[in-house]
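The values are calculated or read from the model by the stated rules, or taken from the named source; none is laboratory data. As the structure is a prediction and not an experimental result, all values here were calculated from the model. Virtual Cβ from ideal backbone geometry, glycine too; neighbours counted across all protein chains shown.
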Amino acid sequence: MTNEQKQLIAIIRCAFGNKEISQALPPLSDEEKKKISIYAGRQGMFPFLQYGPGFLEGEWKSLIFKQLAHACYADSVQIAEVKDILDEFEKRGIYCIPLKGIRTKTMYPASELRTMGDLDILYKPEQTKEMKMTMESMGYRCDGEAAKHDHYQKGSIIVEMHKTLLSAQSDAFQYFLGIWERAVPVNGKQFVYEMTLEDHYLFTLYHLIEHFVRGGIGIRMVLDIFVISRQPKLDWEYVDHELKKLEIDTFERNIRCLANLWFGEKDETIEKNELEELAEYIVNGGVFGNRENDRQNNMLMHKSKAAYLRSVVFPSYQTMRTVFPWLKTPFLLPVAWAVRAKNVWTKRRGNVKMQMERAKAWEKKDDRESEMRKRFFERYGL
């Protein structure tokens with residue numbers, strides 16, 4: 001790990017009340033502060049710099065205050081927008097569950113520390129028509145449909161309305177389909193629900209895994225695991241049982257150990273050397289990893305370039321059913337593919353470019369590289 005990576009992690013620990021670390025941090029030069037601030041921005045962790053030594057002094061003070069003001073403003077706008085959407089859904093009888101950062105940020109020392117690129121809300125697919133009408137009435141436009149979620153935008157606010165929590169290809173797809181059976185109504189609400197704390201942790205972890213095996217993850221996702229796992233009301237007996245059922249208990253133990261090593265109190269039981277490879281994979285990218293990870297992992301998940309392109313252009317019947325509720329029989333699959341192609345070309349051209357770049361990466365396929373990546377995943381429980 002580089003100095004700026006280590007220093008940013010130490011600064012984040014200060015935000016969680018680790019006075020020993022705060023007092024031990026050495027003074028930083030302007031060059032060090034610059035490197036840390038650039039890296040923190042890539043990781044979506046800039047607001048944490050207020051806890052770093054010297055960042056609220058001299059010329060840096062105005063820069064940090066400006067960025068903090070922006071973070072606080074963005075946070076307040078997003079929170080207000082979530083409230084408006086949930087209130088409107090409640091009024092119109094649309095079942096929904098706020099997801100990911102919307103809930104996790106309430107567990108942080110300050111809400112603005114947990115930045116969000118977009119807002120994620122789960123709804124019941126059978127209410128798609130009502131959901132679309134409601135979003136449009138609130139000034140949102142639909143920018144495209146995908147297997148898991150639809151994209152809505154209003155100004156700078158982006159909302160992902162989730163039909164399902166995971167893609168149909170996921171091993172845990174059926175498990176998380178049952179989330180509504182376990183969710184509970186928010187106090188005073190009839191249609192706005194929330195996951196149990198245990199399900200929120202399990203979904204946060206599985207969402208992390210989905211990114212981990214694609215482009216990778218960043219520091220923020222590990223910090224989310226740390227924050228949620230420290231909640232006193234979390235039922236660990238239930239969580240452990242479900243982790244084994246989902247067959248991700250080994251990976252969870254590794255990622256939580258790394259989270260505790262980075263952000264928690266000193267723990268002599270954690271073997272630092274065993275986690276170094278995992279740490280390097282995480283810190284060398286942005287919030288959602290990097291392109292090199294995406295290239296290697298994509299080639300590991302698909303046997304050939306042809307197989308990859310086939311999965312992109314002609315998704316399975318199960319996947320397409322999550323996109324188009326009217327698809328009741330495989331005989332209509334060609335029609336659904338045609339509709340999807342039109343939607344992608346007119347509303348999501350950026351995805352076309354990304355998929356073509358992934359396809360080109362197959363020209364550099366290295367079987368030894370893929371085998372090494374496979375063993376890396378296996379070592380950490382995937």
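Being more than 25 Å from GLY188 (Cα to Cα) and at pLDDT 95 or above holds for only one residue in GLU130, GLU59, GLU90, GLU136, and it is GLU136. Looking at the range 201-289, the helices (runs of 4 or more DSSP H) lying wholly inside it that each contain 1 or more residues that are of a type in the set (Gly, Ala, Ser) sit at 219-229, 249-263, 276-283.
Taken over the range 277-313, residues that are over 24 Å from the mean Cα position of the chain (by Cα) and surrounded by 15 or more Cβ atoms within 10 Å (Cβ to Cβ) amount to 2.
Those residues that are in a helix (DSSP H, G or I) and in contact (Cβ under 8 Å) with a residue 24 or more places away in the chain, I need them from the range 77-100; list them, please. Spell out how you get there, then give the answer.
Going through the range 77-100, the residues in a helix (DSSP H, G or I) turn out to be 77-92.
Answer for the range 77-100, where residues must be in a helix (DSSP H, G or I) and in contact (Cβ under 8 Å) with a residue 24 or more places away in the chain: VAL77, GLN78, ILE79, GLU81, VAL82, ASP84, ILE85, LEU86, GLU88, PHE89, GLU90, ARG92.
Hey, does the range 177-192 have a residue that's touching a residue at least 24 places away in the same chain (Cβ under 8 Å) and of a type in the set (Asp, Glu)? No, the range 177-192 contains no residue that is touching a residue at least 24 places away in the same chain (Cβ under 8 Å) and of a type in the set (Asp, Glu). Within the range 180-203, at least one residue is within 28 Å of ALA279 (Cα to Cα), assigned by TED's automatic domain parsing to the domain that holds LEU258 and within 11 Å of the chain's Cα centre (by Cα). Taken over the range 152-171, the criterion of being surrounded by 18 or more Cβ atoms within 10 Å (Cβ to Cβ) and in contact (Cβ under 8 Å) with a residue 24 or more places away in the chain is satisfied by ILE157, VAL159, GLU160, MET161, HIS162, LYS163, LEU165, LEU166, ALA168. Take LYS148 and decide whether it is of a type in the set (Lys, Arg) and buried (at least 17 other Cβ atoms within 10 Å of the Cβ). Here the answer is yes, as LYS148 does meet what is asked. Among the candidates GLU160, GLU194, GLU198, the residue that is closer than 24 Å to MET116 by Cα, acidic (Asp, Glu) and in contact with a His (Cβ under 7 Å, 6 or more places away or on another chain) is uniquely GLU160.
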